[in-house]
Amino acid sequence: MSSEGEHAPLLPRPTLDKRVHYIDNLRSLLVALVIFHHAALAFGGIGSWPYVSPYHPSKSSPILSLFVAVNQSYFMGMLFFLSGHLSAQSASRKSWTAFCADKLKRIGLPAVVYTLVVHPLVLILVWWSHHAPIQPALITYYRALNGVRGPVWYLAVLLFFDLIYITIRTCLPPFSFLIPTSATRYRVTAALCILAVSVGSYLIRLSHPVGRSTPPLGIQLAYALQYVLAYTAGTCLSSIRQYFLISTHPGQALALAYMVAIISLATIAISLRFGMVRLFDVLYAFWNELCFYIIGTTLYSFFHHSAHTTKRWGNTARYSYAVYILHALVVVALQILVDTVGGRGVVFGVIKTLVVGTLGVCISWAAAWILIRVPGVGKVL
C-alpha cells in the first residue's frame, strides 16, 4: 500500500454517499455468524435460547461453549461498530426530525412487531415441541411483557444509541479533538478504552452477571460498555487513519487472533476448576475486551484488504437486516426438526449445530427475499 493510502481515512469522505461493499459484506458475515451462534445454544453451548435440546443440556459441550464465548466477545460489538458508522453517515445528510423519524420506522417498528408477533411464534414452536399448553403460556407472555424480547434487543439498544447520538450531534459542537491524530495517540486511546471498559464491565457484572437481561431494552448490562465504545468508535470511522487500525497481513493476523483467543480462554477457564470464580471473572472481563479489539480489528482489516470481500456479494447485504429479524423463527424450527433424530454427546451437538446453522443461513436469506417483496415491507426493512 502506498504512503498516501496508508495515511488516508478508512473511508474517504467522497465515498460516504455510496455503498462500501466490504462494510456490507462484513455485516452480512456477522449476521450469518449470529445464526450459527444461536444454533449452538440449543445443543450444548453456554447461553440462553428459547429452545434447549433434551439431548444436549446447556454448557454440556466444551467445543460449542468455547465457540459461543469467542463469538460473544466481538460479534455484537462489531455490529454496533458498523451501525455507528452507518448512523453517522445518515446523520450527516438529515435533520434531527428526519433522522429520528427514519430510525423509529426502520428500527423501532420492526422491534415492536417482532416482540408482539414473531417471538410469540417462536415460543409457540417450543411449547408445541414440549407438549405444553399453548394458550395459557401465550396469555402469560403478553401479561408479563415489559420490553422487547429475543434478538431484537440489538435493535432497541441501537435505536437508543442513535437517538442520543443525533441529539448530541445537533445540540453540541463536534468533539473532533477526541479523535486520535497520530499512531501513538491512537494506541494510548485504545489501551485506555480497553482498560476502562474491562474494569467497568467487571464492576457491573457484580450486580448484573452475564446472562441477565434488563428491560425494556433487553440488553445484558454485562456487555453494555463494550457496545457503547463500539458504537462511538463506529461514528468516528471515517476520521480514523488507515495505518492506525489496518493490519498489514490481515489473513495471518486474523488466524492468530482466533488461536490466541481460544487458547487464552481455555487457560483462564482452568481457574474455575479450582473454585477461583472471582479470579476467572476478572480475567474474563479483560479477555472479552481484548478479544473484541484484536479480533475486531483483524477481521475488519481482512475485509478491507481482500479482493473478494471488497466486491459486491450480489444482493446479500440488501436482505441481511431482514435475516436478522427472521432468523430466530427459522433456527428454532430447524432445531426442533433436527432434534427428532435424537443423538446425544458432543459430536452430535456439533453436527446438529453445523446442519442448523447452514440451513438457517440459506432459509433465512430466502425468507428475507420473500418478505421484502411484500408491499410496504421493503420500505421499512
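The values are calculated or read from the model by the stated rules, or taken from the named source; none is laboratory data. Quantities reported herein were computed from a predicted structural model and do not represent experimental measurements. Virtual Cβ from ideal backbone geometry, glycine too; neighbours counted across all protein chains shown.
Applying a threshold of 6 Å to beta carbon distances and a minimum spacing of six or more residues, or different chains, the list of pairs starting in region 87-106 at a residue that is at pLDDT below 95 and ending at one that is not β-branched (Val, Ile, Thr) reads Ser87/Asp162; Gln89/Leu16; Ala91/Phe99; Ala91/Arg169.
Yes or no: region 36-48 includes at least one residue that is aliphatic (A, V, I, L, M), modelled with pLDDT under 95 and not in a loop (DSSP other than H, G, I, E, B). Within region 36-48, not a single residue is aliphatic (A, V, I, L, M), modelled with pLDDT under 95 and not in a loop (DSSP other than H, G, I, E, B). No other residue among Ser28, Ser87, Ser61 is closer than 30 Å to Val338 by Cβ and over 15 Å from the mean Cα position of the chain (by Cα) apart from Ser61.
Residues in region 335-345 that are closer than 10 Å to Val356 by Cα and without any contact (Cβ under 8 Å) to a residue 40 or more places away in the chain were compared, and the one that is surrounded by the fewest Cβ atoms within 10 Å (Cβ to Cβ) is Leu337.
Just checking: which of the helices (runs of 4 or more DSSP H) contained wholly in region 115-187 hold 1 or more residues that are touching a His at 6+ places or on another chain (Cβ under 8 Å), surrounded by 15 or more Cβ atoms within 10 Å (Cβ to Cβ) and in contact (Cβ under 8 Å) with a residue 60 or more places away in the chain? Quick ask: steps written out before the conclusion?
On the way: elements: 119-129, 134-143, 153-171.
Output list is empty.
Does Arg143 count as at pLDDT 95 or above, out of contact with any helix residue (DSSP H, G or I) (no Cβ under 8 Å at 6 or more places or on another chain), of a type in the set (D, E, K, R) and over 30 Å from His304 (Cα atoms)?
Values: at pLDDT 95 or above: yes; out of contact with any helix residue (DSSP H, G or I) (no Cβ under 8 Å at 6 or more places or on another chain): yes; of a type in the set (D, E, K, R): yes; over 30 Å from His304 (Cα atoms): yes.
Considered against the rule, which asks whether it is at pLDDT 95 or above, out of contact with any helix residue (DSSP H, G or I) (no Cβ under 8 Å at 6 or more places or on another chain), of a type in the set (D, E, K, R) and over 30 Å from His304 (Cα atoms), Arg143 comes out as yes.
Within region 49-93, being on the phi < 0 side of the Ramachandran plot and part of a loop (DSSP other than H, G, I, E, B) holds for Trp49, Pro50, Tyr51, Val52, Ser53, Pro54, Tyr55, His56, Pro57, Ser58, Ser60, Ser61.
So for region 343-352 (the condition being within 18 Å of the chain's Cα centre (by Cα) and of a type in the set (A, V, I, L, M)), does at least one residue qualify? Give the steps one after another, and end with the answer.
Narrowing region 343-352 to residues within 18 Å of the chain's Cα centre (by Cα): none.
No: zero hits.
Residue selection: Pro173 satisfies the criterion of being closer than 26 Å to Asp102 by Cα and out of contact with any strand residue (DSSP E or B) (no Cβ under 7 Å at 6 or more places or on another chain).
Residues are listed down the side, and each one gets a yes or a no for (1) surrounded by fewer than 20 Cβ atoms within 10 Å (Cβ to Cβ); (2) closer than 29 Å to Ile363 by Cβ; (3) touching a Pro at 6+ places or on another chain (Cβ under 7 Å):
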| position | (1), (2), (3) |
| --- | --- |
| Asn288 | no, no, no |
| Phe303 | no, yes, no |
| Ala307 | yes, no, no |
| Arg312 | yes, yes, no |
| Tyr319 | no, yes, no |
| Val323 | no, yes, no |
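Within region 83-112, the set of residues being of a type in the set (Asp, Glu) and surrounded by 15 or more Cβ atoms within 10 Å (Cβ to Cβ) is empty.
Residues being surrounded by 18 or more Cβ atoms within 10 Å (Cβ to Cβ), without any contact (Cβ under 8 Å) to a residue 40 or more places away in the chain, in contact with a Pro (Cβ under 7 Å, 6 or more places away or on another chain) and not in a loop (DSSP other than H, G, I, E, B) are entirely absent from region 223-234.
Among the conditions (1) crowded, with 21+ Cβ neighbours inside 10 Å; (2) within 22 Å of Ser61 (Cβ to Cβ), the only one that Ile351 does not satisfy is (1). Out of all the residues in region 188-222, which are within 19 Å of Tyr74 (Cα to Cα), of a type outside the set (Lys, Arg), in a loop (DSSP other than H, G, I, E, B) and without any contact (Cβ under 8 Å) to a residue 24 or more places away in the chain? Listed by number, the residues that qualify are Pro209, Val210.
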